[in-house]
1. Residue pairs, Cβ under 9 Å, 6 or more apart or interchain, first in region 25-44 and over 14 Å from residue 326 (Cα atoms), second part of a loop (DSSP other than H, G, I, E, B) and open to solvent by 40 Å² or more (accessible area, probe 1.4 Å). List them.
2. Condition first: of a type in the set (Ser, Thr, Tyr), at pLDDT below 80 and closer than 16 Å to residue 151 by Cβ. Now tell me which residues in region 282-335 satisfy that.
3. When you go through 121, 97 one by one, which is the residue that is over 18 Å from the mean Cα position of the chain (by Cα) and among the hydrophobic types (A, V, I, L, M, F, W, C)?
4. Which condition number does residue 69 fail, the rest of (1) loosely packed, with under 13 Cβ neighbours inside 10 Å; (2) in contact (Cβ under 8 Å) with a residue 60 or more places away in the chain being met?
5. From (1) open to solvent by 40 Å² or more (accessible area, probe 1.4 Å); (2) more than 30 Å from residue 165 (Cα to Cα), pick out the condition that doesn't hold for residue 233.
6. Would you mind finding the one in 88, 162 that is basic (Lys, Arg) and either under 27 Å from residue 247 (Cα atoms) or in contact with a strand residue (DSSP E or B) (Cβ under 9 Å, 6 or more places away or on another chain) (or both)?
7. Being surrounded by 12 or more Cβ atoms within 10 Å (Cβ to Cβ) and modelled with pLDDT under 95 is true for just one of 147, 178. Which residue is that?
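The values are calculated or read from the model by the stated rules, or taken from the named source; none is laboratory data. These numbers were taken from a predicted model, which means no experiment stands behind them. Here the Cβ positions follow ideal geometry from the backbone for every residue, glycine too, while neighbour counts run over all protein chains shown. Keep in mind that these areas ignore ligands, DNA and RNA; they rest on the heavy atoms of the full protein, side chains included. Shrake-Rupley method; radii C 1.70, N 1.55, O 1.52, S 1.80 Å.
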Amino acid sequence: MVDEKPVNFTTIGYFLQLPPQTIYSWYRHYLSGYPEAVQSKEWGKDNFKGNDKREKLVAVLKPENFGEQMSVDEKMIDEEFYTVMTNRETGKIALLAETLTVTELNRLIDKIGEAKQKVKAITADLSPTYEKFCEQSFPDALIVADKFHVVQHIVEAVQSLRLRIKQEEIAKLPTIKKERREYEKQTKLINGESRIELLTRSRYVLFKRTENWTVSQQKRAGLLFETYPLLKTAYELTLQIRQWLDKENVGKYEWQIEKQLIHWYDCAEQAKLPEIENLIRIIGSNEEKIMNYFKTGKTNAKAEAMNSKIQRFITANYGVRDKDFFMYRLANYYS
């Protein structure tokens with residue numbers, strides 16, 4: 001039997017009384033391996049001068065972390081935008097670089113050599129920058145539009161219409177206080193709200209699907225759509241395209257999915273609403289990438305989860321004060 005050494009509570013008490021700055025300094029300079037990594041030039045070896053001649057940080061560039069299923073997204077760290085490529089299968093960061101520029105990203109991917117041949121599919125948002133980057137650096141990979149970013153554009157369409165109608169209602173208000181009160185009294189709705197209040201309080205109703213409405217939200221939606229039929233039309237169109245993106249369509253024949261989309265295009269065009277017309281353009285210009293979602297059923301959830309982890313790391317460290325050391329720790333923790 002191995003004798004256990006008694007715990008030295010005096011020593012523990014000593015460390016507990018140390019200022020946080022002292023512990024942080026010890027960890028940075030003696031325990032983390034950061035000074036050695038900087039001295040050996042292992043840390044920062046992939047840094048480069050960008051097109052703007054500014055030194056840019058490449059915290060992670062690991063060929064071994066690239067795999068068949070990848071995701072790409074952007075993340076703001078310390079007021080600078082970074083590109084993050086995550087392996088969907090392992091959850092590890094393969095690329096974390098301080099750039100959103102296609103040519104700079106291509107230069108970095110050229111460094112990983114044959115590892116880029118492993119990539120079979122990449123999920124991304126609807127950014128033209130990332131589409132061009134993926135096409136140039138991973139020409140054989142399938143580019144898949146992230147479902148949740150598409151849904152975000154869909155929801156924004158009906159919200160934009162709500163805000164436009166709200167502004168029109170505000171513009172109708174008389175400038176004279178007495179006249180305004182009389183106008184509000186005459187236009188008050190059956191639930192006691194003004195039209196502007198109804199539009200303001202209906203924001204979350206329009207975010208949700210009908211089956212997820214509470215009883216009070218059902219009543220509010222009924223009054224909203226009765227008062228503003230155009231909002232009902234827009235909401236039903238966005239609901240229709242959201243249902244088209246449901247998992248039930250994943251794996252179906254392409255012609256079946258295209259038939260549903262063409263039907264939606266026809267209905268959406270008949271509405272003649274600027275907000276819906278803009279949505280038609282967004283979906284139309286990204287149709288091939290969106291259709292690829294039904295082949296794989298993959299989303300950018302891994303990339304968004306990694307963004308959340310990075311944000312929690314920033315919060316736990318009370319922000320990014322010692323940026324280079326922070327990025328060193330971040331790279332070691334998530335790659």
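1. Final answer for the pair search is 36/42.
2. Taking region 282-335 first, the residues of a type in the set (Ser, Thr, Tyr) are 285, 293, 296, 299, 308, 315, 318, 328, 333-335.
Still in the running and at pLDDT below 80: 299, 315, 318, 333-335.
Residue satisfying the conditions is 299 alone.
3. On the way: 97 fails: over 18 Å from the mean Cα position of the chain (by Cα).
From the options 121, 97, the qualifying one is 121.
4. All conditions are met except number (1).
5. Answer for residue 233: the failing condition is (2).
6. The match here is 88.
7. From the options 147, 178, the qualifying one is 147.
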